[in-house]
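Beneath this line is the structure, given in structure tokens, with notes to follow.
What follows is calculated from the coordinates using simple rules that are stated; it is not laboratory data. Quick caveat: nothing in here was measured; it's all calculated off a predicted structure. As a convention, Cβ positions derive from the backbone with ideal geometry for all residues, glycine included, and neighbour counts pool all protein chains shown.
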Amino acid sequence: MMLLGFASGLPYMLVFSTLSAWLRDVGISLTEIGFFAWLVLTYSLKFLWAPLVDRYSIPLFGQLGKRKGWILLCQITIVIALIGM
């Protein structure tokens with residue numbers, strides 16, 4: 001399981017370190033680049049919020065089950081965030 005966790009997290013490190021260097025070359029300020037660290041932080045601390053996802057179901061999506069309800073909520077949140085960008 002540890003190897004699976006490592007394999008799933010490795011692309012994040014590669015993408016965000018490359019992205020940081022690319023953004024710096026383009027002229028983006030370090031403060032704005034630092035906001036990307038918040039994205040990585042949520043992934044790094046997933047062991048803290050994972051028990052909440054496993055234990056509770058979303059009331060609006062209860063008929064889908066626990067995990068599918070959370071997946072749908074996360075997808076809706078991602079769509080809203082992308083539209084907001």
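Can you pull the percent of Cα pairs in the range 10-50 with separation above 14 Å? When every Cα pair of the range 10-50 is considered, 51 percent fall beyond 14 Å.
I need Ile71, Ile83 ordered by Cβ neighbour count within 10 Å, fewest first.
On the way: Ile71 15, Ile83 7.
Arranged by neighbour count, lowest to highest, Ile71, Ile83 become Ile83, Ile71.
I want to make sure I understand the PRE zone here: with the label point 7 angstrom from the Cα of Leu72 toward its beta carbon, which residues in the range 40-61 have backbone N atoms less than 15 Å away? Only 57-61 fall inside the zone, counting backbone N under 15 Å. With 5 Å bins beginning at zero, the pair-distance distribution over Cα atoms of the chain amounts to 3, 11, 15, 18, 20, 15, 9, 5, 3, 0 %. Screening the chain for whole DSSP H helices with an alpha carbon extent of at least 20 angstrom along the helix axis and a mean Kyte-Doolittle hydropathy of at least 1.0 yields 2-26, 66-84.
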